[in-house]
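> Submitted below is the structure of interest, expressed as structure tokens.
The values are calculated or read from the model by the stated rules, or taken from the named source; none is laboratory data. The shown structure was predicted, so the numbers you read here are calculated from the model rather than taken from an experiment. Note that each Cβ is placed from the backbone with ideal geometry, even for glycine, and that neighbours are counted across all protein chains shown.
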Amino acid sequence: MVLTSLHIPEAQLYVSEPSPQMFGNSANEKDPLWTNTNWLKSRFHFSFAEYRNPKNTQFGVLRVMNDDLVQGNRGFGTHPHRDVEIVTYIVEGELTHADSTGTRETLGRGSVQYMTAGTGIRHSEHNLQDCPLRFVQIWITPASYGLEPTYGGFDGTTVEAQAGRRNALAQLVGDRRRPSGVRSACEAPVRVSQDCAMFVSELDAGAAVEFPLRSGRQAYLLCLEGTLSAGGVSGAELTFAPAPGRCPASCRCGSARRCP
């Protein structure tokens, strides 16, 4: 199978720094734990909000991938969504979610918060800690519309979850309707209404993982921390490993680790 790839460096991502008042926050303030002048710095992988690029609107059913850095004690006030599958992966800090179904939950590094917006749901997302929060929010186009709104969370801070992604690919997301990817949907802790799968791995220096890419499928790789090398293509398997001499990397199916 012939594989083609495209590398998008962090410098090419659109950077958004919206006004704090847009999301119900007070004016920007100086903070010893925060080096950015604005409360939020978002890097958009695809067209979103004020960033409009008709040549970069999606990757298959992957519609939105925003890498967000949020100052402590700030967040996104209550706002609506509908007819979208939303998966949020927490890289650093703690994210507190509350929604119109009555759900409220706080989760930390390696965890996932997800929603089927369906016919409509309202929610908020906040960093209630003093330290910065970093998370990646992903929007998936659902296989059908008008679904019943639901929320779920997966705690990635447990000993079992941390061990599961250490130098191994741990599946986080699968298709709730049928098997997809390497493991069946019923084995993934997060299930969405679309034929897609997402995996996470935290690699030590010198370690590597292989991802079997089936014929007719495509993959989007995000290096979240460190530096990652991808290669060693053999048949339909891709090999990912931290670059020699660099710090451990986390890869998911994100951009180098950075300070605000």
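> Would a scan of region 50-70 turn up a residue that is among the aromatic types (Phe, Trp, Tyr) and under 15 Å from the mean Cα position of the chain (by Cα)?
yes
> Restricting to region 202-228, what's the tally of residues that are in contact with a helix residue (DSSP H, G or I) (Cβ under 7 Å, 6 or more places away or on another chain) and loosely packed, with under 15 Cβ neighbours inside 10 Å?
We begin by selecting, within region 202-228, every residue in contact with a helix residue (DSSP H, G or I) (Cβ under 7 Å, 6 or more places away or on another chain); these are 202.
Filter again for loosely packed, with under 15 Cβ neighbours inside 10 Å, leaving none.
Qualifying residue count, region 202-228: 0.
> Sort out for me the strands (runs of 3 or more DSSP E) sitting completely within region 1-86 that have 3 or more residues that are crowded, with 16+ Cβ neighbours inside 10 Å.
In region 1-86, the matching strands (runs of 3 or more DSSP E) lie at 40-44, 62-70, 74-81.
> Kindly check whether there is at least one residue in region 93-115 that is within 29 Å of ALA219 (Cβ to Cβ), modelled with pLDDT of 95 or more, part of a loop (DSSP other than H, G, I, E, B) and of a type in the set (S, T, N, Q).
yes
> Ok, one more. Can you say whether ALA249 is at pLDDT 90 or above and touching a Cys at 6+ places or on another chain (Cβ under 8 Å), as far as the supplied structure shows?
Details: at pLDDT 90 or above: no; touching a Cys at 6+ places or on another chain (Cβ under 8 Å): yes.
Judged against the criteria, ALA249 is not a match.
> Here is a follow-up. Given (1) modelled with pLDDT under 90; (2) over 21 Å from SER111 (Cβ atoms); (3) assigned to a loop (DSSP other than H, G, I, E, B), identify the lone condition not met by VAL233.
Answer for VAL233: the failing condition is (3).
> Taking region 131-162, which residues are outside any strand (DSSP E or B), surrounded by 13 or more Cβ atoms within 10 Å (Cβ to Cβ) and aliphatic (A, V, I, L, M)?
ALA143, LEU147, ALA161
> Which residue pairs have Cβ atoms under 7 Å apart, sit 6 or more places apart or on different chains, and have a first residue in region 94-106 that is farther than 18 Å from GLY156 by Cβ and a second that is exposed (fewer than 14 other Cβ atoms within 10 Å of the Cβ) and of a type outside the set (A, V, I, L, M)?
Close Cβ pairs satisfying both conditions: ALA98/ARG104.
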